[in-house]
Every structure is written in C-alpha cells, then in structure tokens.
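**Student:** Have a look at this one before I ask anything.
No lab work stands behind these numbers, since they all come straight from the coordinates. What you see is a predicted model, and the numbers here were worked out from it, not measured in a lab. Don't worry about glycine lacking a Cβ; one is built from the backbone with ideal geometry, like all the others, and counts go over all protein chains shown.
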Amino acid sequence: MIPSEVEEIERKVGYQGVFRVLCLQMRHRRFDGGWTKVLTREVFDRGKAVAVVPYDPERDEVVLIEQFRCGAYVAGWSSWMLEIVAGIIDEGEQAEDVARREMQEETGMVLTALEPIARFMPSPGAVSETVDMYVGRVDAAAADAYAGLATEGEDIRVCRMAAQDAIDLLPTGRIDTAITLVGLQWLALHRADLRARWRQG
C-alpha cells in the first residue's frame, strides 16, 4: 500500500468475536489522478492462514479432508466440503510451524518436508485474509480415518486417494473451495517433478 494513494478517514470495530469486522471510511486515488468519493467499506479482518497440499510421493497419493463449513451452509451450498489442510496463524507463530500442527490435528500425519507454493488473498474485496500455501510430504498410510480437535468442535473425515483421482475432481465441481483449487491445480502442473525430487531425497 502507498500511504499517499489512500486516505483513511475513519476506522472502527463493527464487531469483535473470534474474528472482527472493521468499518472504514476512506478514499483512494483514481487511475486518472483524481480521488474517489468517500467510500464506506466493511472488511472481515480474518488474519493470516496457512494451507498445505498433503502429498505422498512414494504412493503418489493425496490426502484431503472433509468437514462442515458454516459459510457454505449460509450460501446454500453443500455444507460438507473437500479441502486441503489449513489453519489460522496466531500472533507470534510461524507459518511452517502452524502447517505441521494442523497436519497432525486434521489428518494424524507428520510432515517430513515442506515447500512453498504461493502467497495470495482469496477474497481481497472484503476480506483481509492472506494464505501461505505449501505442498507437504507425508506418509499417506499414517493418515487417520477421522480427525479434528473435539475442543474446537471439529469433525473431520480424512480422504486418502490417488493423486490423479484428486486432480480429476477439478473439472467436476466437487472441489469448490479456493485454496483447494489452487493447491490441486499446482500439483497437477508440478507433480512429476515434485515426485521425482522427493523420491530421490
């Protein structure tokens, strides 16, 4: 952000729970050099997240998880979504450490290697969330059938499948979360090279 290109007039917290909603009054530079009118915007201040594509290069398998998603329910979509592993990065935590913790909690597996894929914002128009995405080497045979933290109300089904079967889901509409689409599309492009490197390692 270039401070001189954005004028923030007011910022207040509209809601504070597990997450918060910020209410902003602001204007910004137009492409023609002028200024926009004063804009009112609400931002879901979601914070930082990490996501991992769990890949077993020996078996050429991917491990996905399925769980209930309240946002999908409100949108009227199927509320149980097939996803890659992901979690929130709390203040003072490193993305790699959170990736390892979430992999253990959501699948029962241990990460033995981790490579960055991308950093992106899933919905920057109204959500501040950033995602650090990785591909993680795992032993798919160690995956639990069900996982999740009971203290957080998690109920997760762990889905182990051939990597090509997971990739083949992309055009079917069965994969309908942004991070999972990004992760599996990356794997489709880089799987052969990744598998060769990790099997040698």
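**Student:** So for segment 126-143 (the condition being assigned to a loop (DSSP other than H, G, I, E, B) and without any contact (Cβ under 8 Å) to a residue 40 or more places away in the chain), does at least one residue qualify?
**Tutor:** The answer is no; no qualifying residue exists.
**Student:** Any idea how many residues of segment 45-80 are among the hydrophobic types (A, V, I, L, M, F, W, C) and in contact with a Leu (Cβ under 8 Å, 6 or more places away or on another chain)?
**Tutor:** 5
**Student:** Shifting gears a bit: Quick check on segment 101-126: of everything there that is surrounded by 15 or more Cβ atoms within 10 Å (Cβ to Cβ) and within 14 Å of the chain's Cα centre (by Cα), which residue is nearest to R46 (Cα to Cα)?
**Tutor:** Once the filter is applied, the top-ranked residue is P122.
**Student:** Oh, and also: Take D139 and decide whether it is more than 15 Å from A86 (Cβ to Cβ) and surrounded by 15 or more Cβ atoms within 10 Å (Cβ to Cβ).
**Tutor:** yes
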